[in-house]
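The values are calculated or read from the model by the stated rules, or taken from the named source; none is laboratory data. Please read all numbers here as calculations on a predicted model, not as lab measurements. Please note: Cβ atoms are built from the backbone with ideal geometry, for glycine as well, and neighbour counts cover all protein chains shown. The accessibility values were calculated without ligands, DNA or RNA, using every heavy atom of the protein model including side chains. Shrake-Rupley method; radii C 1.70, N 1.55, O 1.52, S 1.80 Å.
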Amino acid sequence: DQQVKQNSPSLSVQEGRISILNCDYTNSMFDYFLWYKKYPAEGPTFLISISSIKDKNEDGRFTVFLNKSAKHLSLHIVPSQPGDSAVYFCAAYQSGGGADGLTFGKGTHLIIQP
Amino acid sequence: NAGVMQNPRHLVRRRGQEARLRCSPMKGHSHVYWYRQLPEEGLKFMVYLQKENIIDESGMPKERFSAEFPKEGPSILRIQQVVRGDSAAYFCASSQSGSNQPQHFGDGTRLSIL
């Protein structure tokens, strides 16, 4: 039973356009969400996070939106660059209870086309 | 992924042997997490440790797997009597504190069982 779902295994976007990666979760106790980027043969690299008390967090080209009522978050990358091509993982955490590790989605492979 | 050091990067074992995976956290981090990633899957939490203490091992298989984080030296994930199904990428992460802090990952150890 997957508590964090990334329903798009892959996404292709033209360079310079906006990339939107989506993530849904089922556990309403999650209160901290993170996005990681992963290149082949490397570990995940932390990109951006958001606490459940916020609905938006922005860092440079990356913005994460959280819709608690829909249990949905999204990562916007604008403008998309060739170096953004990677697998993006959404992860969630429940503070104050539950497992202490992050719960990951299966990832979305983002391909930026020139 | 500078900072969290994992070794070896690749480890090959025959069925029945022992595998030892090592992880040195980022400087200043005292919280260590181990995750396993099977092909085409997201990362799955295994265990969370602080120095000399296992805090949460809810994701660890009940048999053959153990983890430690001694007062001195790296954290060790030990798999005894390995089987083919143990073949995976094992990632270590560290954080400054245990809640609502990004976890920073190493580049992983790829374990192959012959």
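Residues in the stretch A:64-114 that are at pLDDT below 95 and among the hydroxyl-bearing types (Ser, Thr, Tyr) were compared, and the one that is farthest from the chain's Cα centre (by Cα) is A:SER95. In this structure, is B:GLN37 touching a residue at least 24 places away in the same chain (Cβ under 8 Å), under 19 Å from B:ALA89 (Cα atoms) and open to solvent by less than 60 Å² (accessible area, probe 1.4 Å)? Answer is yes for this residue. Taken over the stretch B:53-109, the criterion of being free of Cβ contacts under 8 Å to residues at least 60 places away in the same chain, polar (S, T, N, Q) and either open to solvent by less than 20 Å² (accessible area, probe 1.4 Å) or in contact with a Cys (Cβ under 9 Å, 6 or more places away or on another chain) (or both) is satisfied by B:SER75 alone. Listed by position, the strands (runs of 3 or more DSSP E) enclosed by the stretch B:14-114 that each have at least 3 residues that are farther than 14 Å from A:GLY43 by Cβ, among the aliphatic types (A, V, I, L, M) and more than 8 Å from chain A (Cβ to nearest Cβ) are B:75-79.
If you scan the stretch A:12-64, which residues turn out to be of a type in the set (Phe, Trp, Tyr) and touching a residue at least 40 places away in the same chain (Cβ under 8 Å)? Within the stretch A:12-64, A:TYR25, A:PHE30, A:TYR32, A:PHE33, A:TRP35, A:TYR36, A:TYR39 meet the criteria.
Checking each residue in the stretch A:1-28 for being away from chain B (no Cβ under 13 Å) and of a type in the set (A, V, I, L, M) picks out A:LEU11, A:VAL13, A:ILE18, A:ILE20, A:LEU21. Among the residues of the stretch B:1-13, those identified as open to solvent by 50 Å² or more (accessible area, probe 1.4 Å) and part of a strand (DSSP E or B) are B:MET5, B:ASN7, B:HIS10, B:VAL12, B:ARG13. Considered as a group, the residues in the stretch A:32-52 that are open to solvent by 50 Å² or more (accessible area, probe 1.4 Å) and out of contact with any Asp or Glu (no Cβ under 8 Å at 6 or more places or on another chain) include one that is nearest to the other protein chains (Cβ to nearest Cβ), and that residue is A:PHE46.
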